[in-house]
Amino acid sequence: MKLIIGGSTGFVGAELIQQALSHPAITTVVGISRRETPAPAESPSTTAKLVSVVCDDFEHYPDHVKKELENADACIWTIAVTPAKLKSSSWEETVKVCRGYALAAIETMAAVPRKQDGPLRFIYINGHFAPRDRSEVTQPMDSGILEMALLRGKLEDEILAYADQTNNALVACIAKPGLISAPDRKVPSIPGLPQIERRDIAAALLHQAVTGFEKDMLSNDDMIRIGQSALSK
C-alpha cells in the first residue's frame, strides 16, 4: 500500500510518518512538506519505505511532485492554520492554506494516474468545532476563530461533494479531533472541547486509510476508540 501524508513534518504528520513506517500493510510512505521529511531515529530498519518530497507551492503541483503521487492508495491531509497561529496569519493566507491547499490536494490526487481498481481514500483533518452554518454556533467565540471555523466547516461539504462527483474513484473522510496532546505537549482543559493523544489519532487515521472508512465523519471519540484498538493489536 502507498500512503501520502500531506504536512509530514508537522506535529501530527511526524507521528503519522513514524507509525506508518512500522505498519506491515504500508509499503511506501510519501511525506510531502516544505522541507525534507526526516526519517524517525526509532525506526532505522523501515526508512527505505519513506519518500520525502519537498513542495514549495501547495496550490500548483509541479510534474515531479505529481509523479510521486501516482498509484497512491490513500492520502492523509494535515495542513492547516491552527488557532494558535491565526493572529500571525492574514485572512487571505488563512483561506489559502486551509481551503486552497486542501482542495488543490484532493483535485490533484484524483487526477494523477493510478493502477489500482479501488478508490483512493482521502482523509482531511479538521477541527472539533467546524460548523457548517452560523446557526450551529452555540457559544461566544473570538471573531477570527469563528470565521476560520466556518470556513473549515464549509470546506467539509466541499471535500465530500467533490468525492461524490468522482464516481467512486476517490472517497473522502473528515476527521474532527479535539485538542491533540502528547507526553511532551500538555494542552489546556477547555470546557466542551475533548482531547486525544497524538498516538491515538495517528493510529486511528492509519487504520482507516488501510482498511477503509467506518464512516465519512470521525469524531474525537471515534478516533480514540479506533486508535486504541489498533494500537492494542
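Coordinate-derived values only; no laboratory data. Computed from a predicted structure; not experimentally measured. Positions of Cβ are backbone-derived with ideal geometry, glycine not excepted, and every protein chain shown enters the neighbour counts.
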Rounded to the nearest 20 debye, dipole of segment 2-232 from Cβ charges on Lys, Arg, Asp, Glu: 340 debye
Normalised contact order of the chain, rounded percent, pairs of Cα under 8 Å and 6 or more residues apart: 18 percent
Glu214-Ala48 FRET efficiency (beta carbon distance; Förster radius 35 Å; 0.05 resolution): 0.70
Listed residue (Ile201, His64, Ala230) projecting farthest to the positive dipole end of the chain, Cβ model: Ala230
Within straight-line cross-link reach of Lys66, lysines at Cα separation under 22 Å, skipping those fewer than 8 residues along the same chain: Lys2, Lys49, Lys96, Lys115
Mean Kyte hydropathy of 1.0 or more with a Cα span along the axis of at least 27 Å, helices from DSSP in the chain: none
Rule-of-thumb Rg ratio for segment 2-232 [Cα; 2.2 N^0.38 Å; N residues]: 0.97
Formal net charge of residues neighbouring Asn220 (Cβ-Cβ distance under 12 Å; K, R +1; D, E -1): -2
Cβ-based exposure ranking for Lys186, Lys115, Lys96, in which fewest neighbours within 10 Å come first: Lys115, Lys186, Lys96
DSSP-loop GluC sites (Glu not before Pro) across segment 1-44, with at most 14 other Cβ within 10 angstrom: Glu36, Glu42
Antiparallel %, DSSP beta bridges [both residues in the chain], to 5: 5 percent
